[in-house]
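Enquirer: Here you go, one structure.
Just so it is clear, none of the values below were taken in a lab; they were calculated from the coordinates. In this text the structure is predicted, and so the values were computed from the model without any measurement. For neighbour counting, all protein chains shown are included, and Cβ atoms are generated from backbone atoms with ideal geometry for every residue, glycine included.
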């Protein structure tokens with residue numbers, strides 16, 4: 001608790017000055033904190049820390065089939081109907097964006113009842129769908145060809161513990177085609193240990209962390225380097241155009257791609 005108190009005092013002193021120094025910001029971002037300490041720190045520091053998880057679709061580790069369970073794609077009308085109930089956390093914006101942004105939905109049914117769903121995107125992921133809390137802006141993900149992002153996964157409480165999420169991911173890989181999609185990436189709050197454990201059991205690997213701190217109406221970010229979509233390793237290239245073609249890139253929400261990539265590099 002001493003560390004938390006000290007951190008709180010530091011934040012208050014910085015807020016009195018109306019700004020965070022670069023040195024203090026680096027200290028916050030550099031901290032390698034456990035989920036428990038992270039949850040305590042969030043009481044004093046408006047912080048959103050996400051784990052970046054990467055999967056080679058050819059190395060997916062499927063769970064045993066669940067009796068009575070089957071998957072099928074969900075369309076825009078399905079999503080709009082589901083937005084009228086609270087169980088699946090689908091709001092009006094997601095219902096509108098589903099078709100407009102080309103999202104792909106997969107539902108899993110147990111004895112013909114919808115037990116869970118997962119949503120994927122084939123294009124860049126808006127920050128709205130990666131943030132964990134209303135005060136944050138979120139992190140925008142750039143996806144190169146052959147990569148899909150799993151940005152929402154829900155399994156109803158009464159069906160948890162049966163590895164239904166694994167069945168959905170397996171169906172999605174077959175649906176997209178391994179020869180077309182070689183990588184799936186997802187993000188989650190680092191304190192969401194249930195999702196982390198489930199993903200790691202499926203063959204996902206942790207390849208980085210991203211942090212957003214919201215203070216005084218502004219967001220401060222810390223991102224990993226571009227992630228090679230084929231290997232999951234951090235890119236060594238500094239060429240922005242080259243990374244655009246081959247890497248998963250994390251950016252501030254509402255990032256606008258420069259017209260001249262050479263000038264932005």
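Enquirer: Return the whole-Å distance between the Cα centroid of region 56-104 and the Cα centroid of region 148-227.
Expert: Using only Cα atoms, the two centres lie 14 Å from each other.
Enquirer: Treat each spin label as a single point 7 Å out from the Cα along the C-beta direction, and report the residue 70 to residue 124 distance in nm.
Expert: 4.0
Enquirer: Take the alpha carbon atoms of region 77-190, find their radius of gyration, then divide it by 2.2 N^0.38 Å using N residues; give the quotient.
Expert: Compared with the compact-globule rule of thumb, region 77-190 sits at 1.05.
Enquirer: If each of residue 86 and residue 234 carries a label point 7 Å out from its Cα toward its Cβ, how far apart are those two points in nm?
Expert: Each label point is offset 7 Å from its Cα along the Cβ direction, giving 4.2 nm.
Enquirer: Multiply the residue separation of residue 225 and residue 100 by 0.36 nm, subtract the distance between their alpha-carbon atoms, and state the gained length in nm to one decimal.
Expert: 42.0 nm
Enquirer: Sort the following peptides by mean Cβ neighbour count (other Cβ atoms within 10 Å, averaged over residues), highest first: 105-115, 215-225.
Expert: Output ranking for 105-115, 215-225: 105-115, 215-225.
Enquirer: Calculate the translational D of region 135-265 in whole µm² s⁻¹ from Stokes-Einstein, where the hydrodynamic radius comes from the Kirkwood formula applied to all Cα pairs, the temperature is 4 °C and the viscosity 1.567 mPa s.
Expert: Using the Kirkwood radius from Cα pairs, D works out to 78 µm²/s.
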